[in-house]
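Structure first, commentary second.
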Amino acid sequence: MNEAIKKSLMFVSSDDFYLLTYSIIIVLDCLNCTKSREFKDYRKLPFIIEIVNNKKLAIILEASKTEPLHKKDKDFIFQSYSNGLAKRSETLKILFTLEKKGYISLTQGNIETLVNITLNKEKLPDGFLSRDVFSGEYANCESFKRTIQRSTSITLDTFLSKVYRDRGIKIWEI
């Protein structure tokens, strides 16, 4: 039954705002961005969501710490970068909606244009963060945490370097 719930969320995952919303909340929960710990710079979020929603990508990133990447793996990682870029504006819209509902808090970062995020876990409906339904996403997030440390506090540029540039992936400046 849990898989049926999840599958209904993933009708067309690239355009599925429900899945994107759940993914935002799962990432914030997994990275412990609650109460006094902020997720600095929301712009990293769409790239992390790409990793958390794709087991193959999480495995490739974790394995690339010790072994060089093959061309197909580099292409796959680059595709996640492109997808992350494409989801930036949708992610921001969802963040503002989640803030209006009280599920997250948004604060201005050190630089005027940066937005930091904190999950208000106590405001979420009971059972909302079911580890049964989203066990794969939580496992991928744990893998991501082992691979890219301090992801909640590093700058966007440092994050992009750790995930993409350091693995030989050529990306555009944003």
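Relative to the Cα centre, the charge distribution of the chain, modelled as +1 at Lys and Arg Cβ and -1 at Asp and Glu Cβ, gives a dipole magnitude of about 280 debye.
Give me the log10 of I(q) over I(0) for region 2-167 at q = 0.18, 0.19, 0.20 Å⁻¹, as the Debye formula computes it from C-alpha points; what are the numbers? Each listed q maps to, in turn, -1.19, -1.33, -1.47. For region 109-139, chymotrypsin sites (Phe, Trp or Tyr not before Pro) are listed when DSSP marks them as loop and at most 15 other Cβ atoms sit within 10 Å of their Cβ; the list is Phe128. Descending by average beta-carbon neighbour count within 10 Å, the peptides 162-168, 26-32, 105-111 line up as 26-32, 162-168, 105-111, the highest first. Under 25 Å of direct C-alpha separation, and excluding same-chain neighbours fewer than eight residues apart, Lys40 reaches these lysines: Lys55, Lys65, Lys87, Lys93, Lys100, Lys101, Lys121, Lys123, Lys145, Lys162, Lys170.
We did not get these values from a lab; they are worked out from the coordinates using the rules stated. All figures in this text were calculated on a predicted structure; none of them were measured in a lab. Ideal geometry is used to build each Cβ from the backbone, glycine not excepted, and the neighbour counts take in all protein chains shown.
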